[in-house]
1. Please work out the Cα convex hull volume for chain A and give it in Å³ per residue.
2. Out of the total accessible area of region B:70-268 (probe 1.4 Å, heavy atoms of protein only), what percent is carbon and sulfur?
3. Report ³J(HN,Hα) in whole Hz for each residue of region A:238-254, in order, from the Karplus equation J = 6.51 cos²θ - 1.76 cosθ + 1.60 where θ = phi - 60°; Gly and Pro get x.
4. With each label point set 7 Å from Cα along the Cα-Cβ vector, what nm distance links B:T143 and B:A92?
5. Using Cα atoms only, what is the angle between the long axis of helix A:111-121 and the major principal axis of chain A, expressed in degrees (0 to 90) to the nearest 10?
6. Give me the Kirkwood hydrodynamic radius of region B:70-268, using the inverse of the mean 1/r over all pairs of distinct Cα atoms, in Å to one decimal.
7. Would you list, by chain and number, the aspartates and glutamates whose Cα falls below 13 Å from the Cα of B:K230, excluding same-chain residues fewer than 8 positions away?
8. Give, as a single signed number, the net charge of other residues whose beta carbon lies under 13 Å from the beta carbon of B:F91, with Lys and Arg counted +1 and Asp and Glu -1.
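The values are calculated or read from the model by the stated rules, or taken from the named source; none is laboratory data. Predicted model, so just to flag it, every value in this text is computed and none were measured. Cβ placement follows ideal geometry from the backbone for every residue including glycine, while neighbour counts extend to all protein chains displayed. Side chains are part of the model used for accessible areas, which takes the heavy atoms of the whole protein and leaves out ligands, DNA and RNA. Shrake-Rupley method; radii C 1.70, N 1.55, O 1.52, S 1.80 Å.
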Amino acid sequence: MTVSSATGGVETRGATDSRPYIDVRDVGMSFASKSDDVIIIDGLSFTVADGEFCSIVGPSGCGKSTALRIIDGLTPPTSGEVRVGARTVTGPSLDVGFVFQQYNLLPWRTVAGNVALSLESIGTPKKDRPGKAREWLDVVGLGHVADYYPSQISGGMQQRVGLARALALEPRVLLMDEPFGAVDAQTRLLMQEQLLQIWEQRACTVVFVTHDIEEALYLSDRVLVMAAKPGRMVADIEVSFPRPRAMSVRSDPGFVRMKDEIWDLLHPGHGA
Amino acid sequence: MTATSTVIAPPSRAAGAAHAATLARERRRKWTYRAVFWAALLLAWEVAARRAGPRFLPTLESIAVDGMSGFFTNGFVVPFLDSWLQLFIGFAIALAVTIPLGVLLGWSRLPNVVLMPYVNGLFVTPTAALLPLVILFAGTDLTFRVVVVILFAFYYPLVNTATGVRQTAGGLRDLSSTLCMSKLAAFRKVVVPAATPYILVGVRLGLAAAVQGMVIAELWVLTGTGEVLKNLAQFRRLSEFFAIVILIVALALLLTGLLRLIEIRLARRGMVSAGES
Ligand SMILES: Nc1ncnc2c1ncn2[C@@H]1O[C@H](COP(=O)(O)OP(=O)(O)OP(=O)(O)O)[C@@H](O)[C@H]1O
Ligand SMILES: [Mg+2]
């Protein structure tokens, strides 16, 4: 199976009408094991336009996190290359923010201190850091726990601290690896709204990995569907509901149909 | 608290107080058990001492009164302090070398691959067997004793630091890379703090080993407290002998206890727990 630019009944907008900002070119990734190489990702190619919100869904272990790491420059691919803006990725850059699936907070720093870590990296003057950190925490609704240590707040809250830390870089590109995976259902809806607002204001380019098809459809301009063994792209779906999107778009018949289609792509053989 | 609230009560509120009370009760119980066990040990000693006689085992009273007063009046204080001076010099040098070396071993592959076999060799080498060799090049003065302390104190801080740095979870390394930290910044802000609990445990174990090194070195060349102990044993002045041994152990316990306190402090501040006491 190869990339199909549209799937049954889904309206397609030409992907060429804005130039690509992220360009993943024929990326392959394999790890050496005892007997032979295990291929994790094979021939992965896609582009994300400047300012586009793009989600990736796929079964567990299909290489979504690995793909994001390669785009960020945390892991070099075994073959192929990635371009972000004008540069070929050889390592991380400060105009790309990464939200980790496993939070990766520093347990010995307070919540505000963790956000300040980003501010230190981008050279925010020392005296401005506490205020700035506080602002970003307010954005994710966590201003009230600024002085807590990560061990004193819930998993979902820790995950939002990770988001605030990435936002604090004010990056051109946001790579988000299941950023709301541990966030409770109600807060999750609020965070989605908040994220869309930030994305619209800042006009950044987002690659968003999630297991939640509805979340992917609600947030994105495009949803990329991956399959496992080896990790590869099976569909590239344009989501053209007008913005701003109301919560009620989730019950729109077209929305529901796309949700079913993606579900079928993720569970081939189960029928619908 | 309502179901939708995401606020967690700060540790100082009512729930925190109840938790503190439980902890206090647990602590009291722990110390009660310890006290009972100690009383039993002391009683057993006293019974054994009375049956064996003062030539073999001094009574508690005799250690506490004759022994301790002997320690202060018979000129044992100076060699005692001298021994600890040697310990501190040796231990400080050992830490100054082992901690940076441990960071290097934990961080880079090449030094690790090349040096680790020797470090492990050090662990299985009976250090005391090296002493004749050390005497050959370091003589029998302070240098010798300091070198012995270094030898004894080397292993734990080195290996623990290396382990701590290596285990700085891949995730935290990813964090320092994605934030484009310089190597120095990554060490200062991420790697060293993450390894600190491990390093402290290493320092504590190293200190205990250093105390052993101190006494063994002095027994070998018969100076300082080692010489005092040897003579006291020879002339069967066991009250003073045990008084000094107890003082050494007590001081060592005090110092390791202080280090343990620092570990607990850091653990409270959210750092990884440094293990059970
Ligand atoms: N360092 C590594 N060495 C060997 N195999 C690895 C390594 N890192 C990841 N893998 C393998 O690569 C595959 C893809 O992993 P990845 O974390 O990218 O999956 P994922 O799609 O993000 O899964 P999930 O949805 O569960 O987060 C997995 O099968 C994993 O076992
Ligand atoms: Mg993943």
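1. 145
2. Working: 6750 of 9430 Å².
C and S atoms contribute 72 percent here.
3. 7, 10, 10, 4, x, 10, x, 8, 7, 3, 5, 4, 5, 9, 4, x, x
4. Output for this residue pair reads 1.9 nm.
5. So the inclination is approximately 80 degrees.
6. About 18.4 Å, per the Kirkwood formula over Cα pairs.
7. Partners found: B:E218, B:E240.
8. Net local charge, B:F91 excluded: +2.
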